[in-house]
Amino acid sequence: IWGAAAVHRALDDTASFLEDLVDQVLAKMNAGARLDEILAAVRPRQDLLERPYLAPIYDEPAFIVRNLYRLYGGWWDGNPAHLKPPAPAALATELAALAGGPAALADRARVLAAAGDDALACELVELAVAAAPADPAIHVARAAIYGDRAKRERSLMARGVSAEGGRGSAERTL
């Protein structure tokens with residue numbers, strides 16, 4: 001960005017973008033909304049999101065919303081079950097049993113990934129891995145799901161985390 005006017009506009013737009021997110025998050029928090037509800041409701045101003053210097057290239061508005069929630073509300077997301085949650089492996093084992101086993105979770109995760117529901121696919125494959133951490137077939141599914149997600153993600157942070165998730169399981173299948 002060159003020129004005083006262009007620099008001023010970029011800085012002013014960035015401040016407006018962040019102030020708008022802060023205002024939306026605080027309004028929802030003050031109304032008693034939980035983190036998941038806030039994530040579903042808060043939207044950055046489209047006119048600002050279209051600016052090339054505010055495009056979600058490195059991280060994403062949802063990441064900022066999560067940080068604002070932690071800043072103003074602390075670590076607890078408002079879900080009573082999350083105050084003292086079970087160990088992830090215990091929850092995964094129970095959900096896998098309900099679903100017909102860890103392989104059933106991994107199979108469903110593949111279907112969801114193929115349909116473009118990356119968020120749910122990743123949650124299910126993580127449950128499958130937590131329920132059966134030594135199962136190479138589940139790690140094959142996890143590697144494929146995260147590898148494909150990494151290719152579809154726009155932000156550098158989401159691409160990197162997804163790619164690393166895939167590599168972690170790919171290494172376990174060797």
Report, ordered by the first and then the second residue, all pairs with beta carbons closer than 6 Å, sequence separation of six or more or different chains, a first member in the stretch 34-51 that is within 15 Å of Trp76 (Cβ to Cβ), and a second member that is open to solvent by 70 Å² or more (accessible area, probe 1.4 Å). Ile38/Lys28
Checking Ala130 against (1) out of contact with any helix residue (DSSP H, G or I) (no Cβ under 6 Å at 6 or more places or on another chain); (2) in contact (Cβ under 8 Å) with a residue 40 or more places away in the chain; (3) assigned to a helix (DSSP H, G or I), the condition it does not meet: (1)
What is the one condition in (1) open to solvent by less than 40 Å² (accessible area, probe 1.4 Å); (2) modelled with pLDDT of 95 or more; (3) under 15 Å from the mean Cα position of the chain (by Cα) that Asp117 does not satisfy? (1)
Residue under evaluation Ala4, criteria (1) out of contact with any helix residue (DSSP H, G or I) (no Cβ under 9 Å at 6 or more places or on another chain); (2) in contact (Cβ under 8 Å) with a residue 40 or more places away in the chain, criterion not met: (2)
Would you say Ala144 is out of contact with any Ser or Thr (no Cβ under 6 Å at 6 or more places or on another chain) and under 18 Å from Ser162 (Cβ atoms)? yes
Contacts under 6 angstrom Cβ, first residue in the stretch 147-170 being open to solvent by 40 Å² or more (accessible area, probe 1.4 Å), partner of a type in the set (Phe, Trp, Tyr), 6 or more apart: Leu156/Tyr58
So in the stretch 50-101, with the set limited to residues that are under 17 Å from the mean Cα position of the chain (by Cα) and among the aromatic types (Phe, Trp, Tyr), which one is most open to solvent (accessible area, probe 1.4 Å)? Trp75
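The values are calculated or read from the model by the stated rules, or taken from the named source; none is laboratory data. Please read all numbers here as calculations on a predicted model, not as lab measurements. Here the Cβ is made from the backbone with ideal geometry for all residues, glycine too, and neighbour counts use every protein chain on show. Accessible surface is based on the protein model in full, side chains and every heavy atom, while ligands, DNA and RNA are left aside. Shrake-Rupley method; radii C 1.70, N 1.55, O 1.52, S 1.80 Å.
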